[in-house]
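Working notes, structure below.
The values are calculated or read from the model by the stated rules, or taken from the named source; none is laboratory data. Since this is a predicted model, take the numbers as computed values, not measurements. Neighbour counts are summed over all protein chains in view; Cβ atoms, including those assigned to glycine, are modelled from backbone coordinates with ideal geometry. Side chains are part of the model used for accessible areas, which takes the heavy atoms of the whole protein and leaves out ligands, DNA and RNA. Shrake-Rupley method; radii C 1.70, N 1.55, O 1.52, S 1.80 Å.
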Amino acid sequence: KFSQEDPDTVIDAIKKIKPDVKVVIGGHDSHAYISKSKKVDNIFIGYSENQFPMYIDSLANNRISTFNKIIDFDAKGLIGDFDFKNSVVSYHETDFIQKNEVLLLETTRGCIFNCSFCSYPHRGSKTKNFIRYKDSIKTELLQNYEQWGTTKYIIVDDTFNDHTEKLELIAEVVKELPFSLRLWAYCRVDLIGVYPEQAQLMKDIGVKEILWGLETWDENTAKLVKKGNSNDKKIKGMRIAKEVWGDEVAIAASMVVGLPQDTRKSWDEFEKFLEEEGHLHLDGIYPGELWIRADDEFSEMRK
């Protein structure tokens, strides 16, 4: 993992060995380096299946000066030749995949929600337009099983249950596999309250671990930060999920401490819910403080 605390020390060590090498950073938290490193050559924001090949081509043809330090001209991966819906992630023997290794699986891109506290560049997306084709998902799962024996995955979709149609498609894929899946996924519990059929679909698919993004128990805060419906709908979703899944799925929830209008009273009410009923539906709670980054760290990616 690249040094987040002192990246320039690492870069100095690299440049000492080979001064003309380009040091680039990409990935989920790449924006964090905008203010942390002065010596990194380029920082890729967002999906870079199109951006990175163009960058490599520019290096090969001595046109690197055409790129800004922050490369985000195609952060959503839309203007090049890469076709996400038809894509298949293929591993090579040099990746040293182990039989019991948990791999990542992406079935759609973006997030349909637009939470006010989120700096993710692909929030507010029409994710239904970016659901992978059935054949591409099936090919990837079969390929990994036949080559590495893989049956366990972390679903990296920002909201796995954003669309019931997607869950139906994946359930069809799973029915055609000669093995069962064990999956971890991030989901919205209020959606199950609205679309209860999702609970059975996720069970059929093989979801074994879930993280609900509750974030707040204060309904005024939830409206303010655009995070979820009423607590009644969230509780309804929890009850439906528990009824369908029983003890077959480990369920945790995340909470953000420090959101606007949150009060000690709202947290006390959440603790009361846990004591009276919530402990029956949730196996764990992960509270985390609200992290406010400096404007210059992610101003570009929020455009």
* Please work out which residue is surrounded by the fewest Cβ atoms within 10 Å (Cβ to Cβ), limiting yourself to the range 212-221 and to residues that are assigned to a helix (DSSP H, G or I) and in contact with a helix residue (DSSP H, G or I) (Cβ under 8 Å, 6 or more places away or on another chain). => GLU219
* Which one is nearest to the chain's Cα centre (by Cα) among residues in the range 218-246 that are of a type outside the set (S, T, N, Q) and closer than 16 Å to THR263 by Cα? -> VAL225
* Asked: Just to be sure, is GLU140 without any contact (Cβ under 8 Å) to a residue 60 or more places away in the chain, among the acidic types (Asp, Glu) and part of a loop (DSSP other than H, G, I, E, B)?
  -> no
* To do: Go through the range 272-303 and give me each residue that's out of contact with any strand residue (DSSP E or B) (no Cβ under 6 Å at 6 or more places or on another chain), exposed (fewer than 13 other Cβ atoms within 10 Å of the Cβ) and modelled with pLDDT of 85 or more.
  => LYS272, GLU275, GLU276, HIS279, LEU280
* To do: Looking at (1) open to solvent by 60 Å² or more (accessible area, probe 1.4 Å); (2) more than 13 Å from ILE137 (Cβ to Cβ); (3) of a type outside the set (Lys, Arg), find the lone condition where VAL189 falls short.
  => (1)
* Structure fact -> When every residue in the range 149-159 that is open to solvent by less than 10 Å² (accessible area, probe 1.4 Å) and part of a loop (DSSP other than H, G, I, E, B) is compared, the one modelled with the highest pLDDT is THR150
* Determine whether LYS126 is under 23 Å from GLY27 (Cα atoms), among the charged types (D, E, K, R) and open to solvent by 50 Å² or more (accessible area, probe 1.4 Å). => yes
* Of the residues that make up the range 59-79, is at least one among the small types (Gly, Ala, Ser), closer than 22 Å to THR159 by Cβ and open to solvent by less than 60 Å² (accessible area, probe 1.4 Å)? -> yes
* To do: Return yes or no: is GLU248 in contact with a strand residue (DSSP E or B) (Cβ under 8 Å, 6 or more places away or on another chain) and loosely packed, with under 13 Cβ neighbours inside 10 Å?
  => yes
* Counting only residues that are surrounded by 14 or more Cβ atoms within 10 Å (Cβ to Cβ) and in a loop (DSSP other than H, G, I, E, B), which one in the range 160-178 is nearest to the chain's Cα centre (by Cα)? -> PHE160
* To do: Scan the range 90-101 for residues that are assigned to a loop (DSSP other than H, G, I, E, B) and open to solvent by 70 Å² or more (accessible area, probe 1.4 Å) and jot them down.
  => SER90, HIS92, PHE96, GLN98, LYS99, ASN100
* Given the structure, is GLU146 assigned to a helix (DSSP H, G or I), open to solvent by 80 Å² or more (accessible area, probe 1.4 Å) and within 13 Å of ILE205 (Cα to Cα)? -> no
* Asked: Only one of these conditions is not met by GLU209: (1) open to solvent by less than 80 Å² (accessible area, probe 1.4 Å); (2) of a type in the set (Asp, Glu); (3) at pLDDT 95 or above. Which number is it?
  -> (1)
* **Matching residues in the range 253-268 - criterion: being at positive phi and open to solvent by 70 Å² or more (accessible area, probe 1.4 Å)** => GLN261
* To do: Output the qualifying pairs, or none if there are none: Cβ atoms under 8 angstrom, residues six or more apart or on different chains, first residue in the range 243-266 and assigned to a helix (DSSP H, G or I) and among the charged types (D, E, K, R), second residue modelled with pLDDT of 90 or more and surrounded by 15 or more Cβ atoms within 10 Å (Cβ to Cβ).
  => GLU243/ALA199
* Given (1) under 22 Å from MET54 (Cβ atoms); (2) in contact with a Lys or Arg (Cβ under 8 Å, 6 or more places away or on another chain); (3) modelled with pLDDT under 90, number of the condition ASP83 does not satisfy -> (2)
